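Written below as structure tokens is the structure these notes are about.
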Amino acid sequence: MKDQKLDSYSHELLRCETEDETIDSLYKFAKFFNMERLAYHHLPPHQTNDFDEKRFFARGYNEQSVEAYKRDHKIFTCPISMHVNASGETLTIKEACRILNFSSKQKKFYARFFMPEHATGFVAPVFGRKGRNGVFVLTADREDRTHSPIELRLIKWACREAHLKICDIVLKDTRKSISLTARETEILTWVARGKSNSSIADIIGISPHTVNGYLRSVYLKTGVSDRTSAALVGVRTALIQV
């Protein structure tokens, strides 16, 4: 039965075209293992166009709690997500409660949202392409709903596959939103390879002043203000190949 669920989940992911469809597929898979709630933070790296658009998805939670979570900007400051993303370690719900230093207000909120009194589950970091990380929180209401090590590995594997799929979707959308001309792409590629404006001018047969003009256009399109950041955006969004 588990093998069938794995095959079914893998095929569903291949058909997913949006982030929501991907999370829905993962949630269905997690429910097979008695996980009743799922939350996911998508954490893009610095210097990307969508850095300030940290994505958050939740399934199985009260809609009012989810809206409050988004409205109060907890998506940007959640100590649970920040801790596991920085440490790279998976924590059980109880470990997260014990390790993290919540304020009384945070304790009250998370007790209602992520961590009902008798919840079991875990908080897991996932690492994706182009420096895109994420954090999953999966919980069940009853402490007697334990999971074997194999089941936990399967759930974590499914989370990682969903995260990689979402990375692909986001990067595809990001590439669509940035359109460089052939000359801009060529110049940005040489910048990423460490060439100065003078060297680039000699290589492609134009003046350094013209190179600088193209770079200013690249900065505007990529939303950055310097050559290093532009090169990073170019590489991370696959606009250029170094």
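The numbers here are math on the coordinates, done by the rules we state, and not lab data. These figures come from a predicted structure and were not determined experimentally. Note that each Cβ is placed from the backbone with ideal geometry, even for glycine, and that neighbours are counted across all protein chains shown.
Figure the gain on full extension for R129 and K105 (residue separation times 0.36 nm, minus the Cα-Cα span) and round it to one decimal in nm.
That pair, R129 and K105, stretches by 5.1 nm at full extension.
Is there a quick way to get the dipole size of the stretch 2-175? I mean about its Cα centre, with the Cβ of Lys and Arg at +1 and of Asp and Glu at -1; what is the value in debye to the nearest 20?
Numbers: 29 positive and 25 negative charges, 82 e Å.
For the stretch 2-175, the charge dipole is close to 400 debye.
For a quick protection proxy, order the peptides 211-222, 230-241, 92-103 by their average other-Cβ count within 10 Å, most packed first. Walk me through the numbers before you get to the answer.
Values: 211-222: 17.5, 230-241: 20.4, 92-103: 14.4.
The densest-packed peptide leads the list: 230-241, 211-222, 92-103.
Output wanted: per-residue J couplings in Hz (rounded whole) for the stretch 162-173, from phi through Karplus 6.51 cos²θ - 1.76 cosθ + 1.60, θ = phi - 60°, x for Gly and Pro.
5, 4, 4, 5, 5, 4, 4, 5, 5, 5, 5, 5
Please report, in whole Å³, the volume per residue of the convex hull around the C-alpha atoms of the chain.
139
Once every DSSP H run of n ≥ 4 in the chain is given -39500 (n - 2.57) and the sum is divided by its residues, what mean residue ellipticity at 222 nm do you get, rounded to the nearest 500 deg cm²/dmol?
Roughly -17500 deg cm²/dmol at 222 nm, from the helical runs in the chain.
Using 1/(1 + (r/R0)^6) with R0 = 41 angstrom and r between the beta carbons of S177 and K28, what's the FRET efficiency to the nearest 0.05?
0.85
For a test of the definition: using alpha carbon positions, the gyration tensor, and the 1.5 limit on a/c, classify the stretch 136-214 as rounded, prolate or oblate.
Taking the square roots of the gyration eigenvalues as a ≥ b ≥ c, the stretch 136-214 is prolate.
Which of G205, G194, G88 ends up with the largest GNM mean-square fluctuation for the chain, with Cα atoms connected below 10 Å?
Highest fluctuation among the options: G205.
Using alpha-carbon pairs under 8 Å, 6+ residues apart, how would you state the relative contact order of the stretch 2-175 in percent?
Contact order relative to length: 27 percent.
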